[in-house]
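Note sheet for the following structure.
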Amino acid sequence: MPCTALPPLPDPVAAERIEALALELQRQDPSLTLLRESADRVRYSRDCHDYSPVLTPLLAGRVAQLVVRVRSVEQVMAVAGACARHGVPLTARGAGTGNYGQCVPLCGGVVIDLMGLNRLRQLNPASGVMVAEAGCILANLDQELRLQGRSLRLAPSTWRTASLGGFIGGGSSGIGSLRWGMLRDPGQLLALEVITVEPEPRRLWLEGEACEPLNHAYGCNGLITALAMATTEAVAWWQWVVDFDDWDSAVAVAQELPATALLLNSLCLLEAPVAASLPTPGGAPAASGHRLLLLAAADATPLLEAWLRHRGAVSVWHQAESVSRGLPLRELTWNHTTLHWRSQQPGWTYLQLMLPRPTETMLASLRQRWGPEVLLWHMEGVRSQGENRLAGLPLLRFDGIEKLEALIADCLSLGAQLFDPHTIYVEDGGLGLVDAGQVAAKVSNDPLGLLNPGKLRGWLERNQ
Ligand SMILES: Cc1cc2nc3c(=O)[nH]c(=O)nc-3n(C[C@H](O)[C@H](O)[C@H](O)COP(=O)(O)OP(=O)(O)OC[C@H]3O[C@@H](n4cnc5c(N)ncnc54)[C@H](O)[C@@H]3O)c2cc1C
């Protein structure tokens, strides 16, 4: 459920202590970039949590006291050690595109910008396993992998700006989830290089299950400097835009299509008013009804058009992603849908749900209670626990927290699972359960509790 108050937090550290830390860092490594100006500190303390009218007031005014930009693992270790010795909170930051205030420093301290760590260290040609640094921008990394015939399995729709470390630290799923499932599914993340926050920081290489507690932990239990991940064969994806007059047929196709043998990477379904308000990719025409956006392999082309036509759909445009100009189709999906919608409807917000199967019963019941003037559907096809499912990212008019809670309660009672985008806690953005492994990793890697304070509920509640 939405989070309406911050947990008790320590006061910001005294200015003199920050100054002493800055001086120590500068002496140790004069090439480190330290940002002290207020405008810089504010800029590096923000992310994209303004999609939530619940989080926006809660996180207002939370600003780092110092920003440090690093370019090497040694520099990360220097910052981690200095923060531990001076008892200063430390919050990791990639590109700052998270939606839940993940990298907003709740009690000031240092924000460490890791985007300078941006090398693909290794790609094993036999296994396709890559080792890449945390600050790699995902689209750049994918381009580099493609030179060797490989590609990322998963990427958020923000892949042109977001970092690999931030995706693991704060992301969950995205383009590719239709094929490859969720970021926390075993088999995506294979190993991590991690720096601990202690007076003498350790550089750890965690493999297999040992790295799971750091996957989607908001950087609360270790600073990730490099990641080993599985990749997939590079496929030249085609963008497809498909329109429907009838909503039920559109929902049926969104469920049937992933069960065919057609190779698909992404499936996004938009209810007509949402589709009409969004920009179109490349040279595609404006929406004439409900809209399905697909990324499909070239060998799907001969069958797809006829397959869709027989199910009441009209394929209005398709084009290879590699030659497309203008807005990429990817940037209309996932939370880019929310972004575009909110640019015209700033009073709206969204939810993140795993929809039950069959989905139609839930949609009909919700529609009876919540009309299109307050609730509109955006869905993404995903593979969850080995099954094809629809994730719902419905858009909703924000009429206060009570109405939001009532809508959430309706969704839950109809069998949906909530991944709450209106909470600051790691656990409540997921299944709501404290993960003892995440807390144990914090005890080991951040014994002073300095990393991103206030976000890991299990740590806050450990002595209660
Ligand atoms: C328009 C829009 C669309 C989006 N679409 C998607 C989507 O499709 N799928 C999805 O999952 N998310 C999506 N997001 C959320 C976000 O863009 C992604 O999760 C992205 O991968 C975050 O990367 P970042 O580099 O911006 O991370 P940041 O926002 O900088 O950080 C995210 C979290 O990870 C931690 N962190 C960052 N780097 C490290 C590190 N090296 N070590 C330890 N912790 C670290 C931070 O402290 C923070 O808690 C979207 C957001 C927007 C605004």
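The values are calculated or read from the model by the stated rules, or taken from the named source; none is laboratory data. In this text the structure is predicted, and so the values were computed from the model without any measurement. Don't worry about glycine lacking a Cβ; one is built from the backbone with ideal geometry, like all the others, and counts go over all protein chains shown.
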Residues being of a type in the set (A, V, I, L, M, F, W, C), within 19 Å of G176 (Cα to Cα) and surrounded by 20 or more Cβ atoms within 10 Å (Cβ to Cβ) - total across segment 305-341
3
Subset of segment 152-171, residues of a type outside the set (K, R) and surrounded by fewer than 21 Cβ atoms within 10 Å (Cβ to Cβ), comes to T161
Name the residues in segment 167-183 that are near the ligand (Cβ under 6 Å from one of its atoms) and charged (D, E, K, R), would you?
none
Scanning for something in contact with a Ser or Thr (Cβ under 8 Å, 6 or more places away or on another chain), within 23 Å of G165 (Cα to Cα) and charged (D, E, K, R), does segment 72-93 turn up at least one residue?
no
Hits in segment 152-181 (condition: farther than 17 Å from A132 by Cα, part of a loop (DSSP other than H, G, I, E, B) and polar (S, T, N, Q)):
S157, T158, S172, S173
I need the full set of residues from segment 2-43 which are under 17 Å from A64 (Cα atoms) and modelled with pLDDT under 90, in order please.
P10, D11, P12
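For residues in segment 411-464 being part of a loop (DSSP other than H, G, I, E, B) and touching a strand residue (DSSP E or B) at 6+ places or on another chain (Cβ under 6 Å), which is nearest to the ligand (Cβ to nearest atom)? Let's see the steps before the verdict.
Just the residues of segment 411-464 that are part of a loop (DSSP other than H, G, I, E, B), to begin with: 414-416, 419-435, 446-450, 452-456, 461-464.
Those still in the list that are touching a strand residue (DSSP E or B) at 6+ places or on another chain (Cβ under 6 Å) too: 416, 450, 452.
Numbers: A416: 18, L450: 13, N452: 5 Å.
Ranking the qualifying residues of segment 411-464, first place goes to N452.
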Positions within segment 260-302 being without any contact (Cβ under 8 Å) to a residue 12 or more places away in the chain and out of contact with any helix residue (DSSP H, G or I) (no Cβ under 9 Å at 6 or more places or on another chain), in sequence order:
A261, A276, P302
Give me a count of the residues in segment 109-166 that are charged (D, E, K, R) and near the ligand (Cβ under 9 Å from one of its atoms).
2
Selection within segment 234-248 - surrounded by 15 or more Cβ atoms within 10 Å (Cβ to Cβ) and either farther than 19 Å from G282 by Cβ or free of Cβ contacts under 8 Å to residues at least 12 places away in the same chain (or both)
A234, F244, W247
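Enumerate the strands (runs of 3 or more DSSP E) found wholly within segment 202-277, keeping only those where 2 or more residues are closer than 17 Å to S444 by Cβ.
So the answer is 203-207, 223-229.
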